[in-house]
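Participant: Input: one structure, supplied below.
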């Protein structure tokens, strides 16, 4: 089970329960939004949104205009971009946790 660093996830009760169910509990490193596809996709969309709003410098766009612009950018984001970002995040996470699992296994063996 891979979890982020939300305080509730670090509860001894949660960890004990998951391990009792047979799960191996792994935590993402702090500030690892690059492992989370939605964070990366949202960052991509926000950058495009900022670029559009910067062109209106000096103007005071209404909240409604900004919301419509954001909706359009979300709808116009090519599915391939979303897929590529998701695949990249998943690959990074896989590498990290494989390395982490290997080092954890070696550490466990050293304790025996």
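Computed from the coordinates by the stated procedures, all read-outs in this text should not be read as laboratory data. Computed from a predicted model, the values in this text were never measured in an experiment. For neighbour counting, all protein chains shown are included, and Cβ atoms are generated from backbone atoms with ideal geometry for every residue, glycine included.
Participant: For the chain, take the longest principal axis of its alpha carbons; what is the angle in degrees between that and the long axis of helix 79-111, to the nearest 10 within 0 to 90?
Facilitator: That works out to roughly 20 degrees.
Participant: So how much slack lies between residue 63 and residue 4, counting 0.36 nm per residue of separation and subtracting their Cα-Cα distance, in nm?
Facilitator: Details: separation 59, 0.36 × 59 = 21.24 nm, distance 3.24 nm.
Difference between extended and current length: 18.0 nm.
Participant: How large is the helix-only mean residue ellipticity at 222 nm for the chain, computed as the sum of -39500 (n - 2.57) over DSSP H runs with n ≥ 4, divided by its residue count, in deg cm²/dmol to the nearest 500?
Facilitator: -22500 deg cm²/dmol
Participant: For the chain, find the longest principal axis of its Cα atoms and tell me its angle to the long axis of helix 63-76, 0 to 90°, nearest 10.
Facilitator: Rounded to the nearest ten degrees, it is 60.
Participant: Let me ask you something else. Any chance you could give the angle, 0 to 90 degrees and rounded to 10, that helix 37-54 forms with the longest Cα principal axis of the chain?
Facilitator: For helix 37-54, the angle is close to 20 degrees.
Participant: In addition: Using 0.36 nm per residue, how much length does the chain from residue 33 to residue 86 gain when fully extended, once their Cα-Cα distance is taken away?
Facilitator: Additional length available on full extension: 17.9 nm.
Participant: How high is the relative contact order of the chain, in percent, with contacts defined as C-alpha pairs under 8 Å that are six or more residues apart? Don't jump to the answer; show the numbers that get you there.
Facilitator: Working: 58 pairs, mean separation 29.5, N = 112.
The normalised contact order for the chain reaches 26 percent.
Participant: For the residue pair residue 97 and residue 74, what label-to-label distance in nm results when each label sits 7 Å from Cα along the Cα-to-beta-carbon direction?
Facilitator: 2.7 nm
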